[in-house]
Amino acid sequence: MSGFTFRLRAPPPQRVDLSGLTPQALAGRTLAEIAALPIQTTRSALSVGDLFDIREGDLDEIVFEGGEERLDWVGAGLGAGAIRVVGDVGVEAGRGMTGGALTIEGGAGAFAGSGLRGGLLKIGGDAGERLGGPLAGETEGMSGGAIHVGGNAGPRAGDKMRRGFLLIEGDAGDYAGSRMIAGTLAIGGRAGALPGYLMNRGTILLAGGVVEMAPTFLDCGVFELVAARLLADHVETMSPRLGAAFRGPLRRYAGDLAALGKGEIFVGAR
Amino acid sequence: MSELTANGVAIDDTFAEAFDMRGTALVITADSRKWALQAAVTMTGFATSVIACGCEAGMDRELGPHETPDGRPGVRVLMFATSTAELQKQLQNRVGQCVLTSPGSACYAGLAAGEDKLKLGAAIRYFADGWQIAKKVGERRYWRLPVMDGEFVCESTTPMTKRAVGGGNLLIMGATPQTTLAATEAAVEAMRAVPDAIMPFPGGIVRSGSKVGSKYKGAIASTNHLYCPTLKGAVDSEIGPEIACVLEIVIDGLTSEAVAAAMRAGLKAIADLGPERGALRVGAGNYGGKLGKHHYRLKELMP
């Protein structure tokens, strides 16, 4: 049985809230009930059936055929099962996920994976600002699971990250890993200015250089740490390239000494 | 005793009596096999008997780089104690004093699951004086402790099993100390290939088997005089004139099946060596079956 499919008929006339279209939220509903679910974010009513052609299938694997940057909160709160989007999505995709797999073949807007607690969020294209980060007023960003970005990420990726793995194959914007509490952030391309800005704990790997390091990170020397081996093995299951970057001698910078200072930035030292 | 024999070696119609224990396993790694072994040897030193050592511990087997969490050479170590609290105390002290201190070492849980968990890195971490860092990788949580050669990585907890068994044993009796030792060494060698079981005494062998109690107040164990060849005639000896030496192998296992498998392997190795070059007779120690829950009948384990 193939996946439960929503085929986008046309670009939506307003931003839409797709947080209700997860396997657990749709379980037990009839096709008519699903088609009638409201997804509008303005006063103009809009239901699932107005925007998508629906093809019944296995609810554990939901497919959105056709993406659009106005499709917000795709996979938000996902706890189990899989969602795949053939195209782009809007803001806060996968926000608050606790399990399962959300795959976005295109790009994602701001706050993708915000507050992620479990599961895997894969973004094939670029991600917007504050990837995995908290919304205003929240005390922590992602606290578990993993996010993998095939392209580039905007500024402040991993802001206030507490746990989990955030892997960016391409470049990252300024302040990557800002205010990190813990967790692991790996950047395959070039990092923007001041990675790890005000981080307390956590690990950042810069595999492709950096625009500007903060002066509050101090060089500890070159090491081949056991912890890096453990990280390499785990990261390799999601990104062979970034996993390999954890192997071999790494220069360790400790910081941010303007904050707690127990974080680290690794830079390849071959 | 009935006249059971295996390849000419007499097997007593008796049983080994063993006890419930708490058990755990660790994986110790280092940059080289030499230093992984050194850490394991040091940690399992003075761990022959719970009577005075607090725990019984030994090396289960060496691990290749492909078998360890960090891809370095390693050793799997088993530890047993009579209570959860004592096992926790011994684990913390031994890892803290013997593994943490060993150059390049790291320490991981060596059991996939158990009825309970013991603190490993979660207890040792305070050595880092506030500089310790927790790192969760997949489902496993590690502590990283800055030390003078870099970092000591230690998994936060290790599972503990309540199904462990301690005190499986064989009494190997021979015509000379040399042939008896040869048979016992062959048995230990064969038993080492059995997973999840250890022989905690020196080289796996006990030459001073003990009985419960003593004529002296305060001593909880004393020499097993019934098996001492120099006391033949002076006591109601369990050994005949043909026996000049008795050696014992004590076995602890994470499961009762592991203890039985080790005893079976040991009996086979002794029988294979035969009475000319090895042992004349094999027995086992018990307390009449009233103290230990686990009974291992030799006739059910003999080849």
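The values are calculated or read from the model by the stated rules, or taken from the named source; none is laboratory data. It should be emphasised that the depicted structure is a prediction, and the values quoted were computed from it without experimental measurement. When we count neighbours, we look across all protein chains shown, and the Cβ atoms used for this are built from the backbone with ideal geometry, even at glycine. In case anyone asks, the SASA skips ligands and DNA or RNA and just uses the protein heavy atoms, side chains included. Shrake-Rupley method; radii C 1.70, N 1.55, O 1.52, S 1.80 Å.
Residue-by-condition table, conditions (1) within 21 Å of the chain's Cα centre (by Cα); (2) within 14 Å of chain B (Cβ to nearest Cβ); (3) assigned to a strand (DSSP E or B); (4) not hydrophobic (A, V, I, L, M, F, W, C):
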residue: A:LEU185; (1), (2), (3), (4): yes, yes, yes, no
residue: A:TYR197; (1), (2), (3), (4): yes, no, no, yes
residue: A:VAL211; (1), (2), (3), (4): no, no, yes, no
residue: A:ALA214; (1), (2), (3), (4): no, no, no, no
residue: A:CYS220; (1), (2), (3), (4): no, yes, yes, no
residue: A:ALA227; (1), (2), (3), (4): no, yes, no, no
residue: A:LEU231; (1), (2), (3), (4): yes, yes, no, no
residue: A:ARG247; (1), (2), (3), (4): no, yes, no, yes
residue: A:ARG252; (1), (2), (3), (4): no, yes, yes, yes
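Looking at (1) open to solvent by 10 Å² or more (accessible area, probe 1.4 Å); (2) under 21 Å from B:ALA279 (Cα atoms), which one does B:MET191 not meet, given that it meets all the others?
Going through the list (1) open to solvent by 10 Å² or more (accessible area, probe 1.4 Å); (2) under 21 Å from B:ALA279 (Cα atoms), B:MET191 breaks only (1).
Among the candidates B:ASP31, B:ASP20, B:ASP116, which residue alone is away from every other protein chain (no Cβ under 14 Å), surrounded by 16 or more Cβ atoms within 10 Å (Cβ to Cβ) and not hydrophobic (A, V, I, L, M, F, W, C)?
Of B:ASP31, B:ASP20, B:ASP116, the one residue that is away from every other protein chain (no Cβ under 14 Å), surrounded by 16 or more Cβ atoms within 10 Å (Cβ to Cβ) and not hydrophobic (A, V, I, L, M, F, W, C) is B:ASP20.
Taking interchain pairs and intrachain pairs at least six residues apart, which have beta carbon atoms under 6 angstrom, with the first residue in the range B:36-48 and farther than 10 Å from B:GLY74 by Cα and the second basic (Lys, Arg)?
B:MET43/B:ARG94
Name the single residue that is nearest to the other protein chains (Cβ to nearest Cβ) among those in the range A:136-153 being surrounded by fewer than 24 Cβ atoms within 10 Å (Cβ to Cβ) and assigned to a loop (DSSP other than H, G, I, E, B).
Out of the qualifying residues, it is A:GLU140.
Considering the range B:34-43 alone, what residues qualify as being open to solvent by 10 Å² or more (accessible area, probe 1.4 Å), out of contact with any helix residue (DSSP H, G or I) (no Cβ under 8 Å at 6 or more places or on another chain) and not aromatic (Phe, Trp, Tyr)?
B:LYS34, B:LEU37, B:GLN38, B:VAL41
Which condition number does B:VAL212 fail, the rest of (1) over 12 Å from the mean Cα position of the chain (by Cα); (2) surrounded by 24 or more Cβ atoms within 10 Å (Cβ to Cβ) being met?
Status for B:VAL212: all satisfied but (2).
Within the range B:69-81, does at least one residue satisfy the condition of being away from chain A (no Cβ under 14 Å), open to solvent by 20 Å² or more (accessible area, probe 1.4 Å) and closer than 22 Å to B:ARG163 by Cα?
Keep residues of the range B:69-81 that are away from chain A (no Cβ under 14 Å), which gives B:75-81.
Going one step further and asking which of them are open to solvent by 20 Å² or more (accessible area, probe 1.4 Å), we end up with B:76.
Within this subset, residues satisfying the condition of being closer than 22 Å to B:ARG163 by Cα are B:76.
So far as the range B:69-81 goes, yes, one or more of its residues are away from chain A (no Cβ under 14 Å), open to solvent by 20 Å² or more (accessible area, probe 1.4 Å) and closer than 22 Å to B:ARG163 by Cα.
Scan (1) open to solvent by 10 Å² or more (accessible area, probe 1.4 Å); (2) assigned by TED's automatic domain parsing to the domain that holds B:CYS245; (3) in contact (Cβ under 8 Å) with a residue 24 or more places away in the chain; (4) under 20 Å from the mean Cα position of the chain (by Cα) for the single condition B:THR179 breaks and write down its number.
Among (1) open to solvent by 10 Å² or more (accessible area, probe 1.4 Å); (2) assigned by TED's automatic domain parsing to the domain that holds B:CYS245; (3) in contact (Cβ under 8 Å) with a residue 24 or more places away in the chain; (4) under 20 Å from the mean Cα position of the chain (by Cα), B:THR179 violates only (4).
Mind listing just one residue for me: the one in the range A:233-245 that is in contact with a strand residue (DSSP E or B) (Cβ under 7 Å, 6 or more places away or on another chain) and assigned to a loop (DSSP other than H, G, I, E, B) and, of those, most open to solvent (accessible area, probe 1.4 Å)?
Looking at the filtered set, the residue picked out is A:MET238.
So which residues in the range B:172-200 are in contact with a strand residue (DSSP E or B) (Cβ under 6 Å, 6 or more places away or on another chain) and part of a loop (DSSP other than H, G, I, E, B), if there are any at all?
The answer is B:ASP196, B:MET199, B:PRO200.
Which condition number in (1) more than 13 Å from every other protein chain (Cβ to nearest Cβ); (2) touching a Leu at 6+ places or on another chain (Cβ under 8 Å); (3) open to solvent by 20 Å² or more (accessible area, probe 1.4 Å) is the one that B:ILE124 fails?
(3)
Quick test for you: out of B:THR223, B:THR255, pick the one residue that is polar (S, T, N, Q), closer than 19 Å to B:LYS211 by Cβ and either touching a strand residue (DSSP E or B) at 6+ places or on another chain (Cβ under 7 Å) or assigned by TED's automatic domain parsing to the domain that holds B:ALA52 (or both).
B:THR223
Kindly check whether there is at least one residue in the range A:22-33 that is farther than 14 Å from A:ASP58 by Cα and either over 24 Å from the mean Cα position of the chain (by Cα) or open to solvent by 70 Å² or more (accessible area, probe 1.4 Å) (or both).
Yes, that holds for at least one residue.
Residues that are assigned to a loop (DSSP other than H, G, I, E, B), within 14 Å of chain B (Cβ to nearest Cβ) and open to solvent by less than 10 Å² (accessible area, probe 1.4 Å): does the range A:166-174 have at least one?
Step one: of the range A:166-174, the residues assigned to a loop (DSSP other than H, G, I, E, B) are A:169-171, A:173-174.
Subset that is within 14 Å of chain B (Cβ to nearest Cβ): none.
No, the range A:166-174 contains no residue that is assigned to a loop (DSSP other than H, G, I, E, B), within 14 Å of chain B (Cβ to nearest Cβ) and open to solvent by less than 10 Å² (accessible area, probe 1.4 Å).
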